[in-house]
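First the structure, in the form of structure tokens, and then the observations on it.
The values are calculated or read from the model by the stated rules, or taken from the named source; none is laboratory data. What you are looking at is a predicted structure, and each value in this text was computed from that prediction instead of being measured. For neighbour counting, all protein chains shown are included, and Cβ atoms are generated from backbone atoms with ideal geometry for every residue, glycine included.
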Amino acid sequence: MDGWREAQWITFTVTKKGVGVWMLNGTVVSPAWKTASISISGFTPASNLLQLRRLALRAAQSADAPVAWLDASADTLQLLRQRYQRCKEASYWYEAPAFEYAATLEVEALGCVHDYRRLWQAER
């Protein structure tokens with residue numbers, strides 16, 4: 001993954017090897033996290049897309065979805081516990097206790113979040 005951090009070009013290489021062993025720039029950062037995907041919220045608003053598609057929740061269903069979270073501002077990859085509950089066709093209750101964040105996420109038809117309460121909202 002490449003991108004800009006302020007005026008500096010940055011590059012991260014994230015690799016998953018075996019069952020839950022994650023590497024950042026060639027260095028193992030987890031002994032065995034039970035995660036299925038990565039969250040790259042510092043890079044894209046599509047961060048939750050992988051989890052929402054993988055979980056494929058029906059209305060009122062909920063599930064935990066821990067991820068390997070790339071914190072581009074700190075150059076780290078760490079375990080982030082998350083929970084999703086599908087409220088309606090286009091909304092999910094989302095919790096990320098590490099950030100003391102909980103809110104309803106509004107999604108578009110493809111599953112990309114377009115309203116991340118108190119953080120940002122997509123322009124239309």
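Structure summary
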read-out	value
Counted residues, the range 54-90 - those being over 29 Å from ASP2 (Cα atoms), in a strand (DSSP E or B) and modelled with pLDDT of 95 or more	5
Residues of the range 41-96 satisfying the condition of being out of contact with any Phe, Trp or Tyr (no Cβ under 8 Å at 6 or more places or on another chain), of a type in the set (A, V, I, L, M, F, W, C), under 17 Å from LYS16 (Cα atoms) and in contact (Cβ under 8 Å) with a residue 24 or more places away in the chain	VAL67, TRP69
Top-ranked residue in the range 9-53 [being among the polar types (S, T, N, Q) and modelled with pLDDT under 85; ranked as nearest to ARG86 (Cα to Cα)]	SER47
Out of ALA65, ALA90, sole residue that is surrounded by 14 or more Cβ atoms within 10 Å (Cβ to Cβ) and touching a helix residue (DSSP H, G or I) at 6+ places or on another chain (Cβ under 6 Å)	ALA65
Residue list for the range 107-124, filter: of a type in the set (Phe, Trp, Tyr) and closer than 16 Å to SER39 by Cα	TYR116
